[in-house]
Amino acid sequence: MFTGIIERTAKVVKIEQEGTNFHFTLHCEIADELHIDQSFAHDGCCLTVVKLDKDTKEYVVTAMKETMDRTNLRTWQVGTEVNVERSMLQDGRFDGHIVQGHVDNTATCTKIIDEQGSWRYFFTFNDKEHIHATVEKGSICVNGVSLTVVDSNENDFSVSIIPYTQEHTNFHNFKIGTIVNIEFDVLGKYIEKLLQQYLPQK
């Protein structure tokens, strides 16, 4: 489990394909604190460390076809900057919200507004299963970042970013058309699932 509080960013340095699997080598300043088999969230996607070189601060994670199809990993290139977070410590503070590292879908950035002290980012997604999954002032995870929803509609939403988040995550690389990973609030997803049995079927 994760919290959506980004620790660092990592940079993709190598990509290798083996069948339908992709092996990503990344460089990160906290790589020397990792270990093999560790769960490590990349843009909100939980991946397992399979190789590690603490001297060069490089490590390898593998993504299978399901992960490539569902997340923005399919857009990664050498040089891509990625938000990373280690799994939550049992005795740690819960500063964000419950993030499983299981990406629900991708969304596309449609508008960016500089609000002279913060930035508003607008995203749209195509997901019939989670068409009402966001609520105003609710939580959402965008590229692994725990954020509060500002505007909420059926298949689009916006979030506001403070300067610290803008500087210390890959949000500063976003532009119109950028594809991001989104994970909806897990509590909201369970409630929606339970209610479906009582709601009229379309």
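The values are calculated or read from the model by the stated rules, or taken from the named source; none is laboratory data. Computed from a prediction, not measured in an experiment: that's the story for all the values here. FYI the Cβ positions are ideal-geometry reconstructions off the backbone, even for glycines, and counts take in every protein chain you see. Heads up: the accessible areas ignore ligands, DNA and RNA and are worked out on the full protein's heavy atoms, side chains in. Shrake-Rupley method; radii C 1.70, N 1.55, O 1.52, S 1.80 Å.
Among residues other than residue 9 whose Cβ falls under 14 Å from its Cβ, what is the net charge (Lys/Arg +1, Asp/Glu -1)?
-2
Which of rounded, prolate or oblate describes the range 62-157 when judged by the alpha-carbon gyration tensor and an a/c cut-off of 1.5?
Cα axes put the range 62-157 in the rounded bin.
Need one word for the range 21-88: rounded, prolate or oblate. Basis is the Cα gyration tensor (sqrt eigenvalues a ≥ b ≥ c); a/c below 1.5 gives rounded, then a/b vs b/c decides.
Taking the square roots of the gyration eigenvalues as a ≥ b ≥ c, the range 21-88 is prolate.
Pick from 55, 95, 43 the residue whose mean-square fluctuation is largest in a GNM of the chain, springs joining Cα atoms under 10 Å.
It is 55.
Build a GNM of the chain with springs between Cα atoms under 10 Å: which of 112, 182, 140 gets the top mean-square fluctuation?
Result for the chain, Cα springs under 10 Å: 112 fluctuates most.
With Rg and the Kirkwood Rh both taken from Cα atoms, where does Rg over Rh land for the range 91-202?
With Rg and the Kirkwood Rh in hand, the quotient comes to 0.98.
Could you state the accessible area per residue of the range 51-202 in Å², with a 1.4 Å probe and every protein chain left in place?
Each residue of the range 51-202 exposes 59 Å² on average to a 1.4 Å probe.
Please grab the % of Cα pairs in the chain that end up more than 27 Å from each other.
Result: 29 percent of Cα pairs exceed 27 Å.
Please report the carbon-and-sulfur percent of the accessible area for the range 102-154; probe 1.4 Å, protein heavy atoms only, DNA, RNA and ligands left out.
46
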